Structure formats: structure tokens, C-alpha cells
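Read the structure below first, then the notes.
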Amino acid sequence: MLKGVQAISDALGPDSVTTDTDDIESHSYSEVSTSQCAARPVAVVTPKTTDEVSVIARICSEYKIPMIPFAGGSSVEGNFTAPYSGISVDFSQMNQIIAFHKDDMDVVVQPGVNWMDLNDKIKESGLFLPLDPSPTALVGGMVATNCSGTNAVRYGTMKDWVINLTVVLADGSVIKTRRRPRKTSAGYNLNALFTGSEGTLGMITEITLKLAPIPEALSVAVATFPSVKDAVACTTKIMRQGIPVAAVELMDEVQMSVINRNGGAGGRNWEEKPTLLFKFSGSDQSIPTDIERVEKIISQGGGSSFEFAKTEQEMHNLWAARKEAIWAMSAQRPEGTRLWSTDVAVPLSSLPEIIELSKKESSALGLFSSVLGHVGDGNFHQAVMYNPDDLSETLGVQECVRRMVHRAVEMDGTVSGEHGIGLGKKECLVEELGPETIAVMRTLKRSLDPHFLMNPGKVFQP
């Protein structure tokens, strides 16, 4: 591996390679992930072009060195860990907007572009990328994990916004998945193959994305409920009515308490009850009608304290509780504990039951446990704080996860709504899809990466 690192340094220049201990640690460990491993990469390489990534892949292929793509580092399933060591390929310097086609409503970017920066730079055009994941997420990682975020109810997931990809394969070959029209029926859908592949099939170096018109108007509303089950049942009714909400987010009473203990959010303290937060987008004429319809369903479903934003500042203040949730939990985490956070997704009708049962089981552990999620599309997250040095706590959390995942599969759901499989959910994927489907995935993997050098140990074992 060290010989390969030296060869990369000779080819790209010494400034592109680091073996600094702190750099290596930051590229292989995350405080917000439970899926960790003891091994570390031997170096971090920072390319600036597709050609440089191709050089890296050719050298790594020659020396049989694992390649682990790294983008924003905000994934939570150990997606960028290095269980077989290797080289971390950091795409943060590939951060250019290559081309913006305003009239075609698309943009070509490198993988290191931050989605919020992108939207800020193109907002005067009246267009935006409507995904809403972590503020630190970079486009390359968003594609690799098929991320979504709060706006998925209206706008779908990352796969729905990818027009084409440039990908460097394990041997250094460079391919482009398709051209730039919005529709095509020419050949296999390689966009879908690489989107969500978590860097196990190739390294994404260029992305063409569809864009959407920025809505004429936006608003936010919140409401509280006696129980999580009541809140989720109300969400299902709203979705069945076809009301075009952009987002429906759930935060349980524990989450609201954490927000308050952390100093509140949006300049206020919050009722410590299960809370739904809604995002509306549309016209100045349609949004008041949508809000009125939602308020009526909430009142009939046992909700109370309904409040909607009348100004842009109020909108940001009301939504602040949701945006600050993960940071509030991290700030309240006692030293020496770890935050386990993972997600599943199920059909909407099954959501009230699985959340209620999962919340009951995690609360029985006697540990901090909280539920939040994108309940408008059947996706929820559960967070538990535990001491990794306490075997009983660790085993208890693992069993809680196993039951939640198994329950989701029984309900014809998925073991990962938006985080990917990574290091932590490989066995869960087998339970969801079965060995025959996994065998097809392995065949695809072997054909593109015969030596298992691309992010090995993720999605399934080599």
C-alpha cells in the first residue's frame, strides 16, 4: 500500500497526498455513526480532476489497494470507513460547477459541490436542487447513497434528479452513463446502477442534475399531539387527502425536550409533546388553502397548538427545531457515550404501528431514546445514546435495532430509507432481499470490480 501511495504522490504531486494521523482519523471515523471499525486507511488522497481520479484508480488496481470514496463525511452507516485499510479518496477539492444550463433546467457539477452552496449560487435563476439532506452533504455522497431528506415527500430522492454521471471504474476506465436529455430509453439504466451504490462499483467524478423551479411561496406549520401514534396516524390521513405538502417531519417528546435543554430553537422553547412540522410550497393562493385543510385534519385527529408562519422569519424560526435536532442531541450527549442512529421505511399504513413498537422497545432499555423522521413518506429514524464500553447496553441496543429492522421487513418495508447499507446493515440487506438477489448484486460487483477494491466491506462482504 505504501508503494502505491508513493506512486500516487509521484503522479499527482506530494500536496495531493497526506498520511497525517489526524487527517486519516477524520476520514475514517464519525461521532454520529455507530458503524465503526478499528482499521484505518494508510493515506488520504485529494484529486482535483477526473483524470487524476483515473490515475489513482489505475495505481490502486496495480497494487491491489482498496479505494474508499469520501465526500462530506456526514453518513451514519460507516459508509466511508476502511475495514481493509487502503486509500481514502477525498473529493472535497473537486468542488466546481462545470456548466449551468438555465434554459434546460440542469447543472453539471463535480462531486465536492455542497448542495446548499449550489442552490445559493443559482438562486437568481429561479431554479434549485430540491433535496434537503444534512447541510454538510456534498453532491457526490448524496448520489452515492441515494439520499433524500425532508423534501422527499414532494420531490422524491436523489435518483429522481440525476441526468447522467461520469464514473471512474476500478481499473481507471472512465465512463459516462448517458447524455443530457431528460428522458431516454437507450440501453441499461446505468444512472440507477451507480446511484446508491455507495462507491462499491466506481467513483463518481461528475454529475448532471435536473433542477426545479423555486416555488412562488413557502410556509411552515407545527402542531402537537397526545402521542406519537396520533401524530403519525394524522400524517397518513393528510397524505391520503392528496394535500401537496412538501415535507412532514415528526419529532417526539424526548426530541423536543432535548431542543429545550439545548437552549431552544428559533428563539423559543417548545412544548415537550410529539410534534409534527409541515413545509408547504406553492403559490400565494394555494398555500393558505392547503394550511387550512391540514389544520382541519389535525384538529379532528387530536392535535393542538397549531401554528403557521406568517412571515419568512417566522418560517425559519418554526423550522429551526427540525434543522437543529441532530446537533442538539450531539451537544447533550454525555462524554463516553455514543449516539446510535439508523432508519427504516415502511408503507404508510404500517408507520404508526412500527414507530409505536420501536419507541416502546427502545425506551425499555432505560437509555436516552428518541424518534424523528420523514413520516410523510414512511421513513423514520431512531436515536439511542449508550456506553459502548458497557456490554449489556451495547447488546441491548443491537437487539433493539435487529427487532426494528426485522419488523420493517415483515411489513414489506426496507432496512434503510436514506442512509444506505454501508458497514452496519449488510446482514439486514440479506434479510430484506434474500440470497438470490444479493447474488445478482455480487455478479455486477465482480464484473466491474473483480478484485473488490472499490469500498470493500460495504453493502455485502467480499
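Things to note:
- Mean residue ellipticity at 222 nm, helices only, the chain: -10500 deg cm²/dmol; runs of at least 4 DSSP H residues each add -39,500 (n - 2.57), and the sum is divided by the number of residues.
- With a cut-off of 17 Å on the backbone N, the residues of region 209-225 near the modelled label site 7 Å out from residue 124 along Cα-Cβ are 214.
- Solvent-free Debye scattering, log10 I(q)/I(0), computed from the Cα coordinates of region 175-231 at q = 0.12, 0.14, 0.16, 0.18 Å⁻¹: -0.60, -0.67, -0.72, -0.76
- Local net charge near residue 9, Cβ-Cβ under 13 Å (Lys/Arg +1, Asp/Glu -1): -2
- Probe 1.4 Å, all protein chains present, accessible-area order of 354, 297, largest first: 297, 354
- Cα pair distances of region 46-120 binned at 5 Å [whole percent]: 3, 14, 21, 20, 17, 13, 7, 4, 1, 0
- Computed on protein heavy atoms with a 1.4 Å probe, the accessible areas place 180, 446 in the order 446, 180, largest first.
- Cross-link reach is defined here as a Cα-Cα straight distance under 13 Å, omitting same-chain residues fewer than 8 places apart; for residue 237 the aspartates and glutamates meeting it are 295, 377.
- In this structure, residue 117 and residue 39 have a Cβ-Cβ separation that, at R0 = 41 Å, corresponds to a calculated FRET efficiency of about 0.80.
- For region 124-270, the alpha-carbon radius of gyration amounts to 1.32 times the rule-of-thumb value 2.2 N^0.38 Å expected for a compact globular protein.
- Nearest-20 debye value, region 155-280 charge dipole, Cβ charges on Lys, Arg, Asp, Glu: 600 debye
- Using 0.36 nm per residue and subtracting the Cα-Cα separation, the extra length available between residue 409 and residue 19 on full extension is 136.2 nm.
- Gain in span if fully extended, residue 389 to residue 62, counting 0.36 nm per residue against the direct Cα distance: 113.7 nm
- Label point distance in nm, residue 271-residue 427, each placed 7 Å from Cα along Cα→Cβ: 4.2 nm
- Placing +1 on the Cβ of every Lys and Arg and -1 on the Cβ of every Asp and Glu, with no other charges, gives region 181-235 a dipole of roughly 180 debye about its Cα centre.
- For region 1-140, the alpha carbon convex hull comes to 114 Å³ per residue, rounded to a whole number.
- Length gained on full extension, residue 3 to residue 439, computed as 0.36 nm times the residue gap minus the Cα-Cα distance: 153.6 nm.
- In a DSSP loop and with at most 16 other Cβ atoms within 10 Å, the GluC sites (Glu not before Pro) in region 121-218 are 216.
- Hull-based mean projected area of the chain, where the convex hull spans the alpha carbons, in square nanometres: 21.6 nm²
- Ligands, DNA and RNA excluded, the heavy atoms of residue 243 present near 10 Å² of accessible surface to a 1.4 Å solvent probe.
- Exposure of residue 116 as accessible area (Å², to 10), given a probe of 1.4 Å and all protein chains: 90 Å²
- For the chain, size of Cβ-based charge dipole, Lys and Arg +1, Asp and Glu -1, in debye: 1020 debye
- A simple rule links phi to the HN-Hα coupling: the Karplus curve 6.51 cos²θ - 1.76 cosθ + 1.60 with θ = phi - 60°, which for region 422-435 gives x, 8, x, 10, 5, 5, 5, 5, 4, 5, 6, 9, x, x Hz, with x for Gly and Pro.
- Across region 192-207, rounded Karplus estimates of 3J(HN,Hα) from the backbone phi angles (6.51 cos²θ - 1.76 cosθ + 1.60, θ = phi - 60°) give 5, 5, 8, 6, x, 7, 6, x, 8, 10, x, 9, 7, 10, 7, 9 Hz, Gly and Pro being marked x.
- Label-to-label distance, nm, for residues given as residue 330 and residue 360 (7 Å Cα→Cβ offset): 3.4 nm
- Spacing of the modelled spin labels on residue 214 and residue 48, each 7 Å from Cα toward Cβ, amounts to 3.2 nm.
- For residue 296 and residue 160, the FRET efficiency from 1/(1 + (r/R0)^6), where r spans their Cβ atoms and R0 equals 30 Å, is about 0.45.
- Cα-based Rg and Dmax for region 309-460, where Dmax is the largest Cα-Cα distance (Å): 18.0, 58
- Share of Cα-Cα pairs in region 415-462 lying beyond 17 Å, as whole percent: 32 percent
- Ordering 234, 428 by accessible surface, largest first, gives 428, 234; the 1.4 Å probe counts only protein heavy atoms, with every chain in place.
- For the chain, the residue among 213, 421, 455 whose Cα projects farthest onto the positive side of the dipole built from Cβ charges is 213.
- Whole-number D in µm²/s for region 211-278 (Stokes-Einstein; Kirkwood sum over Cα pairs; 10 °C, 1.306 mPa s): 119 µm²/s
The values are calculated or read from the model by the stated rules, or taken from the named source; none is laboratory data. None of the values given here were measured: they were computed from a predicted structure. When we count neighbours, we look across all protein chains shown, and the Cβ atoms used for this are built from the backbone with ideal geometry, even at glycine. For the accessible areas, the whole protein counts, side chains as well, though only heavy atoms, and no ligand, DNA or RNA atoms are used. Shrake-Rupley method; radii C 1.70, N 1.55, O 1.52, S 1.80 Å.
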